[in-house]
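The values are calculated or read from the model by the stated rules, or taken from the named source; none is laboratory data. None of the values given here were measured: they were computed from a predicted structure. Please note: Cβ atoms are built from the backbone with ideal geometry, for glycine as well, and neighbour counts cover all protein chains shown.
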Protein chains: 2
Amino acid sequence: MTLKVIAYARNGHTDKFGIPRQSREESPILTRIVFEPEFAIPEALRGIEGYSHLWILWGFLEQHKTCIKPADNKDESTISWSPTVRPPRLGGNKRMGVFATRSPFRPNPLGLSSVKLVGIEGGDLIVSGADVLDGTPIYDIKPYLSFSDSHPDAKNGFAEETKDYRLEVDWGMCSPDYLSKTDRHWTENEPKTDRQWVDEVEYILCQDPRPGYQNDPEREYKMDYAGWRVTFKVLENKVLVQKIEQIL
Amino acid sequence: MTLKVIAYARNGHTDKFGIPRQSREESPILTRIVFEPEFAIPEALRGIEGYSHLWILWGFLEQHKTCIKPADNKDESTISWSPTVRPPRLGGNKRMGVFATRSPFRPNPLGLSSVKLVGIEGGDLIVSGADVLDGTPIYDIKPYLSFSDSHPDAKNGFAEETKDYRLEVDWGMCSPDYLSKTDRHWTENEPKTDRQWVDEVEYILCQDPRPGYQNDPEREYKMDYAGWRVTFKVLENKVLVQKIEQIL
């Protein structure tokens, strides 16, 4: 089967570093789904406003893959998939079967995320909680059906132990309000609320964007998001923000 | 993106008539997922036994589509998708946007089902609750993560009103035990328990396999499943089984 791109995701994740590892209900991160001309047909969305959640099926970008290594140490540029992978949350040194993970190194590099439907604007869908890069191609959008898709008591295998892992954010000398003074707009016509950017960046830092369980309190990390570069260190359970710069 | 078939689904649904419209937790219908040689690598499943539920991403077969008509009355053989479709559960005469439905007439004919992992046998996965035809190609298998995939309170749009719809089964003169006397085996080595076939057929009939809301109590329907042909009528909320035959 050959897939056609029906839409692209647009959000602040211009860099793979910082993308939450799974979509989460509570994520404040907004993504705009912009349909390709052939599929931008208002009728194709009729009735979608009755659903609170949607599925998006999307494609991993090469850029996304370069932040995660497959388990077999092959050169990433020559492999498309690997029978085992090293999930970052297991410290990056335990191998799991690719079908027991959501790794991008799959036989077919398809991603699956449940998102909240926030609104419909000029034919675009606005959703929250998508764990995708800006520019990600989308292949399908389906309604979420609680009676067939929801299994709150499902056993989460090796992912169980990491599901509630969360850091605190200490903004230190940096005022998060600086982020709210951005000129960047969500769309030409409609700026996000000032607070929205602060909430998004704080949420991303809470999720611990460090690769694997790197644990060097002196190490500085840089994360680009929505036109900002945030420099931070991590000491125990705390993210210490060092610097916020605007990227031109 | 061009997708490779990684596995095929094998189950009793040799005919599209009778396939439940969505996967359901309580479905007793077993499906065996048989990997293609290139992907039949035991290591690729390492750790999967820790999950109770999985996602399968699969492709709609032409055969599957012929039981459901798109809304625009075009000849089915010439169309690949349609901006609006008529969901069978809405009586087949109300149009909804394709992205607000799970219709097979999508720009990319991908299906998505959450299934229960029942076991692993000789490299095959045995799952229950897959709403797919025998022979359906599978493109990806992912673990179900309750903390990101489960939204029990999601609003189900127009699908809400139909979610608890269920018929009773009256076996009449036909002994369901006749089904259990089948010679058909689940695998060469391992027959299903006798009762399994009866449970599967009863479950399918409960789900009301009639197209749309056809409501002619005199009309006889025939459903083929796992080598059996079951003839039935529907009177009000009851399925009246008329005949059970073995198909050669």
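Remark: pairs (first residue in segment B:36-48, within 8 Å of chain A (Cβ to nearest Cβ); second residue among the polar types (S, T, N, Q); Cβ separation under 6 Å; 6+ apart in sequence or on different chains) = B:GLU43/A:THR84. Return the residues of segment A:123-175 that are of a type in the set (A, V, I, L, M, F, W, C), more than 8 Å from chain B (Cβ to nearest Cβ) and either in a strand (DSSP E or B) or touching a strand residue (DSSP E or B) at 6+ places or on another chain (Cβ under 6 Å) (or both); say none if nothing qualifies. A:LEU125, A:ILE126, A:VAL127, A:ALA130, A:VAL132, A:ILE138, A:LEU167, A:VAL169, A:TRP171, A:CYS174 - these are the residues of segment A:123-175 that are of a type in the set (A, V, I, L, M, F, W, C), more than 8 Å from chain B (Cβ to nearest Cβ) and either in a strand (DSSP E or B) or touching a strand residue (DSSP E or B) at 6+ places or on another chain (Cβ under 6 Å) (or both).
Residues in segment A:1-56 that are among the acidic types (Asp, Glu) and assigned to a loop (DSSP other than H, G, I, E, B): A:ASP15, A:GLU25, A:GLU26, A:GLU36. Do you know which residues across segment B:94-145 are more than 23 Å from A:TRP81 (Cβ to Cβ), touching a His at 6+ places or on another chain (Cβ under 9 Å) and modelled with pLDDT of 95 or more? If the condition is that a residue be more than 23 Å from A:TRP81 (Cβ to Cβ), touching a His at 6+ places or on another chain (Cβ under 9 Å) and modelled with pLDDT of 95 or more, then B:LYS116 is the only one that fits. Of all the numbered requirements in (1) over 13 Å from the mean Cα position of the chain (by Cα); (2) over 21 Å from B:LEU112 (Cα atoms); (3) surrounded by fewer than 17 Cβ atoms within 10 Å (Cβ to Cβ); (4) modelled with pLDDT of 75 or more, A:SER82 misses one, and that requirement is (3). Only a single criterion out of (1) facing chain A (nearest Cβ under 7 Å); (2) touching a residue at least 60 places away in the same chain (Cβ under 8 Å) is not satisfied by B:SER113, namely (1). Selection of first residues in segment B:229-248 that are in a loop (DSSP other than H, G, I, E, B) and of second residues that are not polar (S, T, N, Q), restricted to Cβ pairs under 7 Å at least 6 apart or on distinct chains, gives the following pairs, ordered by first then second residue: B:ASN237/B:LEU167; B:ASN237/B:GLU168; B:ILE247/B:ASP224; B:ILE247/B:GLY227; B:ILE247/B:TRP228; B:ILE247/B:ARG229. Taking first residues from segment A:79-104 that are free of Cβ contacts under 8 Å to residues at least 24 places away in the same chain and partners that are of a type in the set (Phe, Trp, Tyr) and crowded, with 22+ Cβ neighbours inside 10 Å, the Cβ contacts under 8 Å between residues at least 6 apart in sequence or on separate chains come to A:SER82/A:PHE105; A:VAL85/A:PHE105; A:VAL98/A:PHE105.
Table: residues versus (1) aliphatic (A, V, I, L, M); (2) part of a loop (DSSP other than H, G, I, E, B); (3) not assigned by TED's automatic domain parsing to the domain that holds A:LEU54.
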| residue | (1), (2), (3) |
| --- | --- |
| A:SER82 | no, yes, yes |
| A:ARG89 | no, no, yes |
| A:GLY92 | no, yes, yes |
| A:PHE99 | no, no, yes |
| A:ARG102 | no, yes, yes |
| A:SER113 | no, no, no |
| A:ILE120 | yes, no, no |
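So, B:GLU220, is that one modelled with pLDDT of 90 or more, of a type in the set (Asp, Glu) and either assigned by TED's automatic domain parsing to the domain that holds B:PRO20 or farther than 26 Å from B:ALA159 by Cα (or both) or not? When the stated conditions are applied, B:GLU220 passes them.
For segment B:49-64, the set of residues classified as more than 7 Å from chain A (Cβ to nearest Cβ) and touching a residue at least 40 places away in the same chain (Cβ under 8 Å) consists of B:GLU49, B:LEU54, B:ILE56, B:TRP58, B:PHE60, B:LEU61, B:GLN63, B:HIS64, listed by residue number. Applying the selection to segment A:87-126, what residues are in contact with a Gly (Cβ under 9 Å, 6 or more places away or on another chain), of a type in the set (Val, Ile, Thr) and buried (at least 23 other Cβ atoms within 10 Å of the Cβ)? Scanning segment A:87-126 gives A:THR101, A:VAL115.
Please work out which residue is farthest from the other protein chains (Cβ to nearest Cβ), limiting yourself to segment A:91-110 and to residues that are under 12 Å from B:ASP140 (Cα atoms) and of a type outside the set (A, V, I, L, M, F, W, C).
A:PRO104
Every listed requirement among (1) at positive phi; (2) at pLDDT 90 or above; (3) away from chain B (no Cβ under 13 Å) is met by A:THR31 save one, (1).
Residues being surrounded by 18 or more Cβ atoms within 10 Å (Cβ to Cβ) and closer than 21 Å to B:GLY91 by Cβ: count how many of those fall in segment B:234-248. Of the residues in that region, 2 qualify.
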